[in-house]
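A short reminder: the numbers here are calculations on the coordinates, not readings from a lab. The shown structure was predicted, so the numbers you read here are calculated from the model rather than taken from an experiment. All Cβ positions, even for glycine, are placed from backbone atoms using ideal geometry, and neighbour counts span all protein chains on display.
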Amino acid sequence: MKGPARKRAASSRSKTAGSRGKKGALRIDLLTLFPGIFDSAFEHSLLAKASARGLLEIRAHDLREEGEGRHRVADDAPYGGGDGMVMLAGPVVRSIEKLRGRGSRVVLLTPAGALLTQARARALATQRHLIIVCGRYGGVDERVAASVDEEISVGDYVLGGGEPAAIVLVDAVARLVPGVVGNAESTAADSFEDGLLECPQFTRPESFRGWKVPEVLLSGDHGKVARWRRKESLRRTLLRRPDLIARARLSDEDRVLLAEVRREEGAIAGEANASGENDRGGRGSARRE
Ligand code: SAM
């Protein structure tokens, strides 16, 4: 998103607030003190193609346009003292109000928000219009909370600003908008879609530095390939994210596969202990194929 395009977008914003261009399209307005950060963030690959096809419309707006007074002030020192500055409620709330239309959903990015998950991204991808507020400095005045629909965190760490978090959020949501990802790159088998991590993937060459592609993937037997993929998805999730396994909805067949994985991993752990090797890591399971 180049400067002039950004300016044009900002000046035409109230006309189209809450609207949905092409049927099924998602409009995203980003509120930020640093709109330049988004200049090329969405101009590549899938998102660029989706915008060109009218499935996405992403605009960045400078919060300083609603800043206080001649100097367009957007932050001030915190009440009660302390280091750093806090973003004023006024510019943020006025910017939201200018853009909000019927069907708009307003998201504040904050480390105190609900963790971003695939399920949350999928829910946001069904919206017509997202307004995403990016904080800076020490954060935003708490009273902005009354003007937002939800608060989202992209992880348990602190970023310097909401802009990188917004790029993560937009990317995760946009690829779930129908039509953005084609059949060839379908999102259905992605990690987290069914509560598990995706199985390991391989492409050419068949052997890379002594590590061979699992035979079953070369067999042409679709049934066996599907079973292997499901089993390795379960194995990877068990080894790397046992918390997900505990919550996943598993079929009877999954339970059979998981029991096999547990037996195999138990045997491997036993062998490793016997040989004094104690940390094989999750990756070892893929190499063993
Ligand atoms: N003092 C705040 C705190 O401890 O919670 C952190 C402020 S942070 C330096 C500035 C802005 O970055 C936040 O207002 C928020 O918009 C954004 N930010 C930082 N970490 C984030 C995260 N994990 N998820 C979402 N937004 C984040």
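For the reader, a short list of remarks on this structure follows.
- Amide hydrogen proximity for R105: with H placed 1.01 Å from N in the peptide plane, the residues at 5 or more positions away or on another chain lying under 5 Å are H129, L130, I131.
- Under the combined filter of DSSP loop state and at most 14 neighbouring Cβ atoms within 10 Å, the range 167-236 retains these trypsin sites (Lys or Arg not before Pro): R209.
- Each DSSP beta bridge with both residues in the chain is either parallel or antiparallel, and the antiparallel ones are about 20%.
- Sorted fewest first by neighbouring Cβ atoms within 10 angstrom, E65, E142 come out as E142, E65.
- Amide H contacts under 5 Å for L26, placed H, 5+ residues apart: L56, E57
- For the chain, built as a Gaussian network whose Cα springs stay under 10 Å, the top-fluctuating residue of E193, E260, E271: E271
- Most fluctuating residue given options S275, S147, S191, as computed from a GNM of the chain linking Cα atoms under 10 Å: S275
- Among A48, A246, A274, the largest mean-square fluctuation in a Gaussian network model of the chain (Cα springs under 10 Å) belongs to A274.
- Spin-label model, A269 to D190: label points 7 Å out along the Cα-to-beta-carbon direction sit 3.2 nm apart.
- Residues in the range 150-161 carry Karplus couplings, in order, of 7, 10, 10, 10, 9, x, 7, 7, 10, 8, x, x Hz; the curve used is 6.51 cos²θ - 1.76 cosθ + 1.60 with θ = phi - 60°, and Gly or Pro positions show x.
- Note on the range 3-183: dipole from Cβ charges, positive end direction compared against G24, A172, V154; the farthest Cα belongs to G24.
- Here r is the Cβ-Cβ distance between S207 and A123 and R0 is 51 Å; the resulting FRET efficiency, rounded to 0.05, is 0.75.
- Applying 0.36 nm per residue to the separation of R247 and F34 and subtracting their alpha-carbon distance, the gain on full extension is 72.7 nm.
- Set K49/K224; K23/K98; K49/K212; K49/K98 screened for pairs whose C-alpha atoms are more than 26 Å apart: K49/K224; K49/K212; K49/K98
- Cα-centred dipole magnitude for the chain, charges only on beta-carbon of K, R (+1) and D, E (-1), debye, nearest 20: 1220
- Near the amide H of S153, within less than 5 Å, lie the amide hydrogens of T110, G113, A114, L115, L116, all on another chain or at least 5 residues away, with H placed in the peptide plane.
- Using θ = phi - 60° and Karplus 6.51 cos²θ - 1.76 cosθ + 1.60, couplings along the range 133-138 (whole Hz; Gly, Pro as x): 9, 9, x, 8, 6, x
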